[in-house]
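First up is the structure itself, then whatever we jot down about it.
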Amino acid sequence: MAIPIPESRIARFENMGFGMFIHYGIYSQLGCGEWVMDIAQIPKEEYVKLADTFTAKDFDAKAIARTAKAAGMNYITLTTKHHDGFCLYDTKGLCDYDAPHSACGRDLIREFVDACNEEGIMPMFYHATLEWYHEEFETDFPKYLQYLRDSVEILCTQYGKIGGLWFDGNWSKPAGTDWEEDKLYEVIRRHQPDAIIVNNTGLDARGAVGNPEIDSVTFEQGRPSPMDREGMPKYLAAEMCHTMNDHWGFGKCDLNYKSLPDMIETLCACRKVGANYLLNVGPEGDGKIPDMQKTMIEAMGTWIKECGNIIYEGKPSKIEGEYKNFALEANGKAYLFIHGLNVLGSAHVIVAGGGLGYKYFKKVNRKVKSAKWTDNGENLEFVQNGEHLWVNATGFPYGCNFVVRVMEIEFED
Ligand code: GLC
């Protein structure tokens, strides 16, 4: 059976490859994650007071967009409203629990979209469907759903062209609950026909395919599995979102950061199967991205610049490597992603034992003409025997270690 051709918005989304997720809201001031209202059982009357101190004085959308851009991220998905119900955008009177009515008195989504447009980054809107503020969520669900649609209509009509909507929370009600998804997505298609529609399927149903209007499946905090698109009614993209530590919203006492090698390898693992990697930052209460997170993101940018540019247009390949090694293909070439290489140097400074030398790849069904590293252009030796290929993966020159090194393979015509 055939694999459907992706619609252009979906193909574009897939080629963006790497995005920044931002969880920011009045909860960020507590430094205790975005679920703090629910988990610490803060009464609503107490919680809403956080709006009075929410100055967002260091929420510098331009600086954020520049950071994302420098990191090689092509889109930013920002929480326009999280489960606490507070809106970072001007709700135009729908509800006064929004940024313009808070201490900051600004429309942060306006600033965000303008900054993204200036930097050439696609702005995407996270929008919670599960909500703790509007009581109708529990007491009069159809009324709540109307509020949800009206909110989305505002987001789709007040900010020019947007990249898409990313919903989250349908997993909170029993399966079979009618979220009137068709009506919701119709609002988006009517005003923003090129926008991507995502609805996070949560931790228990990673990769699940939902409503026919959905454009991408999600793999929250997981590892994306290869998509079997044969016979699907439409081509779906895939996206995996990850926290850098254990919280989406700022967690000031959360030191459990992933390592940079882990994040680089995760980006690679996503692209191996054609999925996007949406990496989260949780700005502090005043809106600043924590230094630690900013530094990590900048380093991701260094990796992409040196050897990873191919992560955008490279498509999954039939060529298989050993261990974590794999291949992508683009422009008639193959790109081999080689993990775990050692740094070359002297026994006095370099700990030996890393993987150097010939790496094996199979199912290489064309004749290889040349092999070279993408970062420094060094030509590499190889041996090919039918569909079997061994490439001589020399180590990193003393002075660098990119964690995953990418080799470009050219084929005979
Ligand atoms: C979960 C959480 C939510 C977070 C989201 C991001 O659904 O409920 O707080 O925004 O994951 O994927």
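Of note:
- Any chance Cys95 is more than 16 Å from the ligand (Cβ to nearest atom), at pLDDT below 95 and in the same structural domain as Gly287 (by TED's automatic domain parsing): yes
- In the stretch 20-43, the residues that are of a type outside the set (Gly, Ala, Ser), in a loop (DSSP other than H, G, I, E, B) and either outside the structural domain of Tyr89 (by TED's automatic domain parsing) or surrounded by fewer than 20 Cβ atoms within 10 Å (Cβ to Cβ) (or both): Trp35, Gln41, Ile42, Pro43
- Among the residues of the stretch 240-283, those that are open to solvent by less than 50 Å² (accessible area, probe 1.4 Å), within 27 Å of Phe54 (Cα to Cα) and part of a loop (DSSP other than H, G, I, E, B) comprise Thr243, Met244, Asn245, Trp248, Gly249, Phe250, Asp254, Gly282, Pro283.
- Residue count for the stretch 79-110 satisfying the condition of being open to solvent by less than 10 Å² (accessible area, probe 1.4 Å) and in a helix (DSSP H, G or I): 3.
- Conditions (1) open to solvent by 70 Å² or more (accessible area, probe 1.4 Å); (2) within 16 Å of the ligand (Cβ to nearest atom); (3) not small (Gly, Ala, Ser): number failed by Glu230: (2)
- One residue from Leu50, Leu78 being farther than 29 Å from Asp215 by Cβ and either in contact (Cβ under 8 Å) with a residue 40 or more places away in the chain or in contact with a Ser or Thr (Cβ under 9 Å, 6 or more places away or on another chain) (or both): Leu50
- Checked against (1) buried (at least 24 other Cβ atoms within 10 Å of the Cβ); (2) under 16 Å from Lys294 (Cα atoms); (3) more than 16 Å from the ligand (Cβ to nearest atom), Ile76 passes all but condition (3).
- Screening Arg66 on (1) charged (D, E, K, R); (2) within 22 Å of Met300 (Cβ to Cβ); (3) buried (at least 20 other Cβ atoms within 10 Å of the Cβ) shows it passes everything except condition (3).
Let's see how each residue does on (1) away from the ligand (no atom under 16 Å from the Cβ); (2) within 16 Å of His127 (Cα to Cα); (3) not aliphatic (A, V, I, L, M):
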{"site": "Glu14", "(1), (2), (3)": "yes, no, yes"}
{"site": "Lys44", "(1), (2), (3)": "yes, no, yes"}
{"site": "Ala51", "(1), (2), (3)": "yes, no, no"}
{"site": "Ala68", "(1), (2), (3)": "yes, no, no"}
{"site": "His101", "(1), (2), (3)": "yes, no, yes"}
{"site": "Leu108", "(1), (2), (3)": "yes, yes, no"}
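- Enumeration of residues in the stretch 195-234 that are at pLDDT 90 or above and within 18 Å of Gly19 (Cα to Cα): Ala195, Ile196, Ile197, Val198, Asp215, Ser216
- Of the helices (runs of 4 or more DSSP H) lying entirely inside the stretch 128-218, not one is found with 2 or more residues being within 16 Å of the ligand (Cβ to nearest atom) and open to solvent by 10 Å² or more (accessible area, probe 1.4 Å).
The values are calculated or read from the model by the stated rules, or taken from the named source; none is laboratory data. Bear in mind the structure is a predicted one, so any value in this text is a computation, not a measurement. Heads up, the Cβs are rebuilt from the backbone with ideal geometry, glycines too, and the neighbour counts pull from every protein chain shown. Accessible surface areas use protein heavy atoms only, side chains included; no ligands, DNA or RNA. Shrake-Rupley method; radii C 1.70, N 1.55, O 1.52, S 1.80 Å.
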